[in-house]
Amino acid sequence: MFNIVLFGPPGAGKGTQAAKLVETYNLVHLSTGDILRAEMKKNSPLGQEVKSLIEKGELVPDKIVIELIRENLNNNKTAAGFIFDGFPRTVEQAKSLDEMLQKESLNIALMTTLEVEEEELIARILLRGQSSGRADDSDQAIIKNRIKVYNEQTAPVAEYYRQQGKHVSIGNMGTIENTFSQLKTHIDKVK
Ligand code: UDP
Ligand code: MG
């Protein structure tokens, strides 16, 4: 299996690039944000539990997210590999992911951070909010809190992978195609 982590702040373009990578490399896209929103839509017990956190832009507890990932890995045993999008969001989650993968003799090949300036992030998320219907995409204060949570709790995850020699940083202020081509270059180097 070939596994990568797509990393970066909210609104950086992870979901957009993940969709393109799925087509090119036939990987399974695992977005914890999408999974959590699906639970909210179903109004499942889990969805009800996480709703208020997500709508404030706070993180869902590690334990919940890790269990979701564990389930999804178990349900996709024959996958060619995974694109982790929006996960791991804390160093604790990154360590758990490494443990889960190691048990199956698997690993993360590469972690790529999409870098975008804060003003541009806010503009992109507000634009997405016009069609996504997401409460957390439609309010400046919530968006700013998500970016703050990213800077404080999530950004250190990049250092975790940097220490393993697996991290690359990609500017994503340009076009979707330009970023995609940079991503492909980095992936093809390690694949
Ligand atoms: N979230 C979380 N843990 C995750 C994924 C999502 O706590 O692993 C919550 C968090 O509140 C976040 C929201 O879900 O602000 C939306 O996450 P998503 O990854 O969809 O947003 P993006 O960063 O892609 O804009
Ligand atoms: Mg996303």
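The values are calculated or read from the model by the stated rules, or taken from the named source; none is laboratory data. From a predicted model like this one, the values you see are computed outputs, not experimental measurements. Don't worry about glycine lacking a Cβ; one is built from the backbone with ideal geometry, like all the others, and counts go over all protein chains shown. To get the accessible areas, we keep the full protein, side chains included, count just its heavy atoms, and leave off ligands, DNA and RNA. Shrake-Rupley method; radii C 1.70, N 1.55, O 1.52, S 1.80 Å.
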Among (1) free of Cβ contacts under 8 Å to residues at least 24 places away in the same chain; (2) surrounded by 21 or more Cβ atoms within 10 Å (Cβ to Cβ) - the single one ASN43 does not satisfy: (2)
Complete set of residues in segment 14-28 that are within 16 Å of ligand 1 (Cβ to nearest atom), within 15 Å of ASP188 (Cα to Cα) and hydrophobic (A, V, I, L, M, F, W, C): LEU21, VAL22
Subset tally (residues that are hydrophobic (A, V, I, L, M, F, W, C), surrounded by fewer than 16 Cβ atoms within 10 Å (Cβ to Cβ) and more than 17 Å from the chain's Cα centre (by Cα)) for segment 11-40: 0
Residue ID - farthest from PHE2 (Cα to Cα), chosen from residues in segment 148-168 that are surrounded by 15 or more Cβ atoms within 10 Å (Cβ to Cβ) and polar (S, T, N, Q): GLN153
Selection from segment 29-81 of residues that are more than 30 Å from ASN107 (Cβ to Cβ) and more than 9 Å from ligand 1 (Cβ to nearest atom): MET40, LYS41, LYS42, ASN43, SER44, PRO45, GLY47, GLN48, GLU49, LYS51, SER52
Enumeration of residues in segment 1-28 that are among the hydrophobic types (A, V, I, L, M, F, W, C) and more than 29 Å from LYS103 (Cα to Cα): ALA12
Neighbours by Cβ (under 6 Å, 6+ apart or cross-chain): first from segment 53-71, on the phi > 0 side of the Ramachandran plot and small (Gly, Ala, Ser); second away from ligand 2 (no atom under 16 Å from the Cβ) and outside any helix (DSSP H, G or I): none
Positions within segment 147-168 being out of contact with any strand residue (DSSP E or B) (no Cβ under 7 Å at 6 or more places or on another chain) and not in a helix (DSSP H, G or I), in sequence order: ALA155, GLN164, GLY165
Identity of the residue in segment 74-93, open to solvent by less than 40 Å² (accessible area, probe 1.4 Å) and aliphatic (A, V, I, L, M), that ends up farthest from ligand 2 (Cβ to nearest atom): ALA79
Residues of segment 46-63 satisfying the condition of being open to solvent by 30 Å² or more (accessible area, probe 1.4 Å) and either over 15 Å from the mean Cα position of the chain (by Cα) or more than 21 Å from ILE83 (Cβ to Cβ) (or both): LEU46, GLN48, GLU49, LYS51, SER52, LEU53, GLU55, LYS56, GLU58, PRO61, LYS63
Selection status of SER132, closer than 20 Å to ALA19 by Cβ, of a type outside the set (A, V, I, L, M, F, W, C) and surrounded by fewer than 14 Cβ atoms within 10 Å (Cβ to Cβ): yes
Selection from segment 138-147 of residues that are surrounded by 12 or more Cβ atoms within 10 Å (Cβ to Cβ) and either hydrophobic (A, V, I, L, M, F, W, C) or farther than 18 Å from PRO88 by Cα (or both): SER138, ASP139, ILE142, ILE143, LYS144, ASN145, ILE147
The one condition in (1) at pLDDT 95 or above; (2) more than 9 Å from ligand 1 (Cβ to nearest atom); (3) over 20 Å from ASN172 (Cβ atoms) that GLY133 fails to fulfil: (1)
